[in-house]
1. Gain in length, Val115 to Tyr239, computed as 0.36 nm per residue apart minus the alpha-carbon separation, to one decimal in nm?
2. Using the number of other C-beta atoms within 10 angstrom as an exposure proxy, rank Tyr88, Tyr160 with the fewest first.
3. I need the phi-derived Karplus couplings for the range 214-224: 6.51 cos²θ - 1.76 cosθ + 1.60, θ = phi - 60°, integer Hz, Gly and Pro marked x.
4. Pop a pseudo-label 7 angstrom from the Cα along the beta-carbon direction at both Asp173 and Glu46 and give the gap in nm to one decimal.
5. So what's the convex hull volume per residue for the Cα atoms of the range 119-198, in Å³?
6. Given a cut-off of under 8 Å on Cα pairs at least six residues apart, what relative contact order in percent is computed for the chain?
7. Which value in deg cm²/dmol, rounded to the nearest 500, describes the helix-derived mean residue ellipticity at 222 nm for the chain, given -39,500 (n - 2.57) per DSSP H run of n ≥ 4 and division by the residue count?
8. I'd like to know how the range 73-161 sits against the 2.2 N^0.38 Å rule of thumb: what's its Cα Rg over that expected value?
Amino acid sequence: MTAGDAGHRRSPLRPGSLRPFTILLVLAVVATLAFLVVPIVAIFTESPPTRMLGHLDDPVVVDALIVTLKTNAIAFGLTLLVGTPAAYLLGRRRFPGRSVLITLVELPLVLPPAVAGIGLLAAFGRAGLLGEEVSALGIDLAFTQAAVVLAVMFVAGPFYVRQAIASFEALDDDLLLAARTLGAGPGRTFWRVALPLSANGLGAGAALCLARGIGEFGATIMFAGSLQGVTQTVTLAIYDALNLDVEVALAIGGLLVVISAVVLLSLKLVLLWRSSDSTSGFRYATSSSG
């Protein structure tokens, strides 16, 4: 390496040449954080926690919270139950039309919520594509809590399934093959090897799914309506309260911020714990083998 080459390599690190760009980066970070944080801060500024807590015993808020927790728990459980094996098949197998199926999984992610809602109504409403078949079973879906569950699954479920597909795709083929050669069947390999190894990715997808489901609005109001105590979720209650009492709307909004923050922090703590646990296990295995 010549002296000229060394000087050329060192020149980008000189403080004088980096200062303007560094200032630009700092300004970009400040502008981004200000834009993202100020609206959240404004909620708690306009409705301090003491005043916010005073509104949380409002029957509208209580009913909306119960409906939200109930419907999202059912939708989340069904998404995990059905979406996990579906994602495993799409993530691990190669067959004609696979890319088309994955695209169909991804499509709801880019659909406007209103389109999702009108699509559900056109499919499962009384006059919809499957309306007669559903009604023949004695089931009425539209404008019921079941409609809220379906709306949440349709809008939020793909967040989990797509992430799960990517997680299963990233698995080391040799590890799965080793389990099969040691006598584990396909089901046992899935439960004992694939799921634990994909836990971080599945957890991230599950958190995104849960957060998106709690915040769902458009598809729900189109397919389920906003009936207090029946189909009115927390987000729908905010919309209705905005026309009647802004303070109640702010209180519900603050509650949603807290719930979302808890979901996000819980995910980060779980991933951090799993990462440290995996590192400890690796170090223990290495020291034992030595």
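1. Additional length available on full extension: 42.7 nm.
2. Tyr88, Tyr160
3. 5, x, 5, 9, x, 5, 5, 5, 6, 9, 10
4. 5.6 nm
5. On the way: hull volume 10.9 nm³, N = 80.
Normalising the Cα hull of the range 119-198 by residue number yields 136 Å³.
6. After rounding, I find 26 percent.
7. Calculated at 222 nm, the ellipticity per residue is -25500 deg cm²/dmol.
8. It is 1.19.
Every number in this text was worked out from the coordinates using simple rules, so none of it is lab data. Here the structure is a predicted model, which is why all the values come from computation and not from measurement. Because the Cβ atoms are built from the backbone with ideal geometry, glycine has one as well, and the counts that use them run over all protein chains shown.
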